[in-house]
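K.L.:
Quick one: the structure is below, questions incoming.
The values are calculated or read from the model by the stated rules, or taken from the named source; none is laboratory data. Small disclaimer: the values here were computed from a predicted structure and weren't measured. Don't worry about glycine lacking a Cβ; one is built from the backbone with ideal geometry, like all the others, and counts go over all protein chains shown. Remember, those area values only see protein heavy atoms, side chains included, never the ligands or the DNA or RNA. Shrake-Rupley method; radii C 1.70, N 1.55, O 1.52, S 1.80 Å.
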Amino acid sequence: MAESEEEVDVLVQRVVKDIANAFKKNPSIDEIGVIPCPEARYNRSPIVLVENKLGVESWCVKFLLPYVHNKLLLYRQRKHWLDREALVDITCTLLLLNPDFTTAWNVRKELLQCGVLNPEKDLYLGKLALTKFPKSPETWIHRRWVLQQVLNQISTLDHNKNQQQAEAVQADAERNEQLSDRLARTLRQEMKVCSDAAGRYPSNYNAWSHRIWVLQHMARGNVKVFHDELSSMRLWVSMHVSDHSGFHYRQFLLKELIAEICKRPARTSTGCSPQRGCSTVPEGSRPHSRSHSNGEPSGQEAGGEEDGHADFTTVLQLFHQEMDLCSDLIQSFPGHETLWSHRRHVFYLWDQWVREHQHSHSRGSDCKLNHVTDPDPGVAEISSQSRAGQGHGVNGQKHATEPMEVDGLFLPDPHNSKRLKRGVLLPRPPTLPTELSFVSSVLGGCCNTEQRHFALAYRKWLDTVIGLQS
């Protein structure tokens, strides 16, 4: 083993070079690690590359880490000169061993800004560092900075494209497709990095916070992405029932989806829905917009009511599915406080959403949202017989009818087959009685002390918070 300062310098320089050569030899390295090896047993490089795994024998770390650390500090203090290639290799080695060294990330920021590095290469280095240090806060911070640079580049290219739109329409279309593909590819990669880090370290707050940031900045307004995330996370939380960060992420997805659904623009000025509120057009100024001479709703009103009912049903389904997931997990894995906390948050979110939109509709003169928290929580189904018999006078002539109400839910006119298909089933809305009934069922068959404690605490919360607001 090397002992003198000169021998240590030679050894470390060789190791740094071996690490750089390993990445050149295999650009698909996907994991790094330290191999337990107290001392050098063979006259060979301590860098081990097997398939796509890169390992560093532990005996050389005590020489390697101080060396690259001091080299970089001397460079920052302008006491030692390093060319750009040497800076890239030294910072790479240092960050693989200690990714929380902020100075190294700052040096790479400078290299990226001057064009020596590209964003993809820095994201790749951060991904490897997270395989060994999945909670490293500095790595996540730097990763967000790099992603912001990528977004700025895409925004700049898109702006230049708009300025030159008349010159090359076909080229602009191809460039727009390339930018979209690049953004989608980056988004998928980030979701994969976050999932891997969350699996390596339980309750990895840094990874989940980064995942939220990515969606907020790279997928805002994309309902499909949020729906896909909510669906893909269902299995993950089912296998990590004590990981509060994962359930907090589902709460974020749920709130974002509801917000996006509520922000959908109304197709007409007369349409109203639980999400969008009622039209401010005076009643007297639109006498012919409500129905045709034969009593049928106008095309504009039909479209607006259809959108409103579809949006309300979508929100109801989201909450219904989330409460069902909570029920299944609570009954399958008794005694986990995270599950009860998540259920409390989801039900509170639903209760507040209902109250807000009841209040918004109470200000309108043209539409009404009935209470969805009525005690009767039955599942609503409109049969074909009721559809056939509704809306006919004594002479068989259709006349304008009021929208029907089923189990506290406000539905559009059932005789309009365009808006209400045969056999439509509305999911059962969460209500205070159904929640109390669920708690009673859990307590009735409960033999777990912690499960009983959490169920009683949840029932007390329902009585003191939700009950008093009702």
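K.L.:
Please sort 149-156, 334-341, 184-191 by packing, taking for each peptide the average over its residues of neighbouring beta carbons within 10 angstrom, highest first.
P.N.:
Per-residue Cβ counts within 10 Å, averaged per peptide and sorted highest first, yield 334-341, 184-191, 149-156.
K.L.:
Another one. Measure up Lys24/Lys109; Lys62/Lys127; Lys109/Lys192; Lys109/Lys132; Lys53/Lys255 against 30 Å on the Cα-Cα distance and list the ones that go over.
P.N.:
Lys53/Lys255
K.L.:
Along the Cα→Cβ direction, 7 angstrom out, place labels at Trp145 and Leu456. What is the inter-label distance in nm?
P.N.:
Going by the 7 Å Cα→Cβ label model, 5.2 nm.
K.L.:
Another one. Leaving out ligands, DNA and RNA, and with a 1.4 Å probe, what % of the accessible surface on the stretch 1-159 is carbon or sulfur?
P.N.:
Percent of accessible area from carbon and sulfur atoms in the stretch 1-159: 51.
K.L.:
Taking Cα centroids, how far is the stretch 60-94 from the stretch 105-135 in Å?
P.N.:
15
K.L.:
If each residue of separation counts as 0.36 nm, what is the full-extension length gain between Asn52 and Tyr348 once their alpha-carbon separation is subtracted?
P.N.:
Result for the pair: 101.9 nm of gain on full extension.
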